[in-house]
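The block underneath contains the structure these notes are about, expressed in structure tokens.
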Amino acid sequence: MQGTPENMFADSGRKDNAVIIERIVSRIVAYWPVILICVVVSFICSVVYLRYKTPIYAVHAKVLLRSDSKKSADGGMLAELGLENSANNVESEVEIFKSRLLMQRVVEYLHLNIQYYVPGKIQTGNLYNDAPFRIVPLFNDSTIQSDYSYHCSLTDDKKFEITSGNNKWNGALGDTVNLTAGRAVIAVNPLAGHMYDATREFIFTISPIEPIADMYAGALTIELPNKQVSVITLSIQDAIPQRGEDILSCLIEEYKYANVEDKNQVADGTIDFIDNRLADVEKGLTGVEKDFASFKSANRITNVATNAELLSTNTNDNIKELTQKEIQLKVLESLEKYLNDNNNVRRIMPATLIAQDLTLVKIIEDYNTLQTNRQRLLLSYTENSIYIKNIDKQLEDLRGSMKNYIVSLKAGYEVSVNELKAQEGLINAKVGQVPEKERVFLDYERKQQIKQDLYLFLLKKREEMAISKTANVSNLKVIDVAKRDSSPVTPKKSRVYLIALVIGLAVPGLRITSKEVFGNKVSSRADVEKLTQVPVIAEIAKSRANDMIVVKSGSKSIIAEQFRGLRTNLHFLLSDEQKKVIMVTSSMSGEGKSFVTLNLAGTIALSGKKVVVVELDLRKPKIAKYLGINNDRGFSDYIIEKADLNSIIKPSGIQDNLYVITSGTTPPNPAELLMLTKVETFFNELKTRFDYILIDTAPVGLVTDAQLLNKYADASLYVLRQDYTYKQQVMTANTMYQAGKLHGMGFVINDVKKSSDNYGYGNYNSGYFEDERSSVYSKFKHLIKRK
């Protein structure tokens, strides 16, 4: 039953895929020594890389940012007004952690700008707490503007010698020296272990703080696992894990200190404001008291009359309330004046003076928080940054809201004050009935009471703010302390070995691919069959033997069997027994034409046939040289009748029935010589004497000798050499084949690299064919034994 067209196409596709896969496998097998060498070299390089590459460790810490914003009862109203604080969020704190100023403080505190090294044969190692000495600078690190490098030699008795250029300093550990960078103490390091007890040579450098801080700030990474939770993960990579842990721990402490400093700014600003108001109130109170004392002294009054006292006692509550309202009104007027002063635009607002109005207190807290965040962000950004401009816009909105709210509060307080003053008018009418001196006395007493209450109010608020300042703590809580990973982040051995394997396979793979795809030379039989219609009648393996003759009696090597296969295939080209002449040619010199000729002749001779090899490469004859035969007389001498036929036929020395006719004297005109009629007589005579005639002619791609001899040839073997013959030459040979310029033409591919698919014998090599390498090894071993 015949298959459908679809099945036929499917089978064809599967066969094509199988051929492609087979070819890929054959290429891999053919190049396996190169692939193996590349993989081994790549792995050696990876081992050397891992040996000398400094490992880098990752250090992590996790902190929680606690919100210290006080929720007021009017928080909903603030949200409706768009004044809800949004600056004191996690993103803002992340930018603070990234600030250069914070990292500069860390570098300065840990003296990270002073680096210690121990010289090695291949690379210099970096030290941290392992150096047996420490440089304790007595100068300000921030004054360093350039890098300084020093070489330090230690002795067993704790003496040192420091050199830098032409400068030299000697002393004992603990001494103070004037280095080029500044005055410093060369102290013993109590943290050093015993690792470098035997080491005597060290290097230390002193660098500016800014570039070192920039380097570590660039190595710092901050992640927000969940924006809904105020948790920050800090990470830094360092070659010395302990140094990385110290950097993160110190960075967290510096943040805490800066955070408390920011909070103290609000308290300090409020205390300064209160101090200024106290000075004014104290001055006014002193004036009133002086006036009051003068009045009492001048009028010799120590107390008011009983009816005045009763009147004062009855109106005391009204005066007290009026005094409180006036105090609050004066505070609001001071805040309003403070807001309207352009010099205070970037300053902290005084807080907690209007504790009764929680809404105003909340607005002031939000305003101060924004001012603080703005100052902190300026450590990392410029005034033109979008973050700064965003905060400026919020500050402007809050200032406008505060002004409007203060105006509204003032209006409310003014109404209350006016009402209380109206009541005071009624009281004053009654007081008017009191004698004049007693009335003035009561007026002074009331003014004094107002000033005293305001003074006491401000003193109370100042004490409250001082207590609040001492109670300020950071809003940061450490969840996980700084801790390094157990294994380095780079280099990772598994990744390095994987990359080495990929490179080891990729380099030869790319080489093979480029050779297969872009190569201009014949690399396989498939290349030949793709370019030409000329049949390939044999493939000859690469010979590892130094002998020119590889086919001998009893030989069982692969290459000998391949020549036997070539001998068998020739029967298809020489179907008639009268066809005896075989011409061997190639495209250019070096393709193995003479090698194929001699071994094919030897193979035919082994079958009992009488064979003669005619060396007609008259320009560059090689066969006589290969066989060690005298070339004083040969073909050219016979053609010009300087020698007879019997004198030029010489035994080959290979087989008893294999003979050679050398080229003879090199003629000046080989082509004209081959065109003489006596050449035909020469071949006719040889046909009567020999079963087979093999002609080793000049390369057909260079001269016309082979085409001139074609009329005498019954079959033409065109020798190609793997990775040597150009594809263009194969196409030229195909043109000659199509034009019929060479009789019975067939390709012989020479020097084929060993692979299972090239020979067709699969894995039957073992035990069936002789291994040439084993044979050579056996001969070498035998030679050693004889010696």
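The values are calculated or read from the model by the stated rules, or taken from the named source; none is laboratory data. None of the values given here were measured: they were computed from a predicted structure. Cβ coordinates were reconstructed from backbone atoms using ideal geometry, including for glycine residues, and neighbour counts include every protein chain displayed. All accessible areas refer to the heavy atoms of the entire protein, side chains included, with ligands and DNA or RNA removed. Shrake-Rupley method; radii C 1.70, N 1.55, O 1.52, S 1.80 Å.
If Val188 passes every condition in (1) without any contact (Cβ under 8 Å) to a residue 40 or more places away in the chain; (2) open to solvent by 60 Å² or more (accessible area, probe 1.4 Å); (3) β-branched (Val, Ile, Thr) but one, which one does it miss?
Among (1) without any contact (Cβ under 8 Å) to a residue 40 or more places away in the chain; (2) open to solvent by 60 Å² or more (accessible area, probe 1.4 Å); (3) β-branched (Val, Ile, Thr), the lone unmet condition for Val188 is (1).
Closer than 30 Å to Glu365 by Cα, open to solvent by 80 Å² or more (accessible area, probe 1.4 Å) and either charged (D, E, K, R) or modelled with pLDDT under 85 (or both): which single residue out of Glu22, Glu80 fits that description?
Exactly one residue qualifies, and that residue is Glu80.
What is the residue count in the range 539-560 for residues that are out of contact with any Lys or Arg (no Cβ under 9 Å at 6 or more places or on another chain) and either open to solvent by less than 30 Å² (accessible area, probe 1.4 Å) or at pLDDT 90 or above (or both)?
Qualifying residue count for the region: 5.
Residues to consider are Thr585, Thr603; find the one that is buried (at least 23 other Cβ atoms within 10 Å of the Cβ) and out of contact with any strand residue (DSSP E or B) (no Cβ under 7 Å at 6 or more places or on another chain).
None of the others qualify; the one that does is Thr603.
Conditions first: (1) of a type in the set (Gly, Ala, Ser); (2) surrounded by fewer than 21 Cβ atoms within 10 Å (Cβ to Cβ); (3) over 17 Å from Gln533 (Cβ atoms). Ala706 passes all but one, so which condition is the exception?
(2)
How about the range 111-157: which of its residues are more than 26 Å from Thr54 (Cα to Cα) and assigned to a loop (DSSP other than H, G, I, E, B)?
Across the range 111-157, the qualifying residues are Leu138, Phe139, Asn140, Ile144, Gln145, Ser146, Thr155, Asp156, Asp157.
Can you go through Ser523, Ser494, Ser474, Ser514 and tell me which one is within 48 Å of the chain's Cα centre (by Cα), of a type outside the set (Asp, Glu) and under 30 Å from Leu50 (Cα atoms)?
The conditions single out Ser494.
Residue-by-condition table, conditions (1) without any contact (Cβ under 8 Å) to a residue 40 or more places away in the chain; (2) closer than 15 Å to Met103 by Cα; (3) not aromatic (Phe, Trp, Tyr):
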| site | (1), (2), (3) |
| --- | --- |
| Phe202 | no, no, no |
| Ser230 | no, no, yes |
| Lys256 | no, yes, yes |
| Lys263 | no, no, yes |
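Filter the range 227-247 down to the residues that are among the β-branched types (Val, Ile, Thr) and part of a strand (DSSP E or B), then identify the one that is surrounded by the most Cβ atoms within 10 Å (Cβ to Cβ).
The extreme case among them is Ile236.
Taking Asn307, is it of a type outside the set (A, V, I, L, M) and modelled with pLDDT of 75 or more?
Against the criterion (of a type outside the set (A, V, I, L, M) and modelled with pLDDT of 75 or more), Asn307 does not qualify.
Mind checking which residues of the range 133-151 are open to solvent by 30 Å² or more (accessible area, probe 1.4 Å) and not hydroxyl-bearing (Ser, Thr, Tyr)?
Arg134, Val136, Leu138, Phe139, Asn140, Gln145, Asp147, His151
Looking for whichever is under 30 Å from Thr490 (Cβ atoms), surrounded by 21 or more Cβ atoms within 10 Å (Cβ to Cβ), among the aliphatic types (A, V, I, L, M) and out of contact with any Asp or Glu (no Cβ under 6 Å at 6 or more places or on another chain) here; the options are Leu224, Leu251. Which one fits?
Only one candidate qualifies: Leu251.
Which of the strands (runs of 3 or more DSSP E) found entirely inside the range 629-738 contain at least 1 residues meeting this: farther than 25 Å from Lys609 by Cα and in contact (Cβ under 8 Å) with a residue 24 or more places away in the chain?
715-721
For Ala258, indicate whether it is in a helix (DSSP H, G or I) and either in contact with a helix residue (DSSP H, G or I) (Cβ under 7 Å, 6 or more places away or on another chain) or under 21 Å from Pro119 (Cα atoms) (or both).
yes
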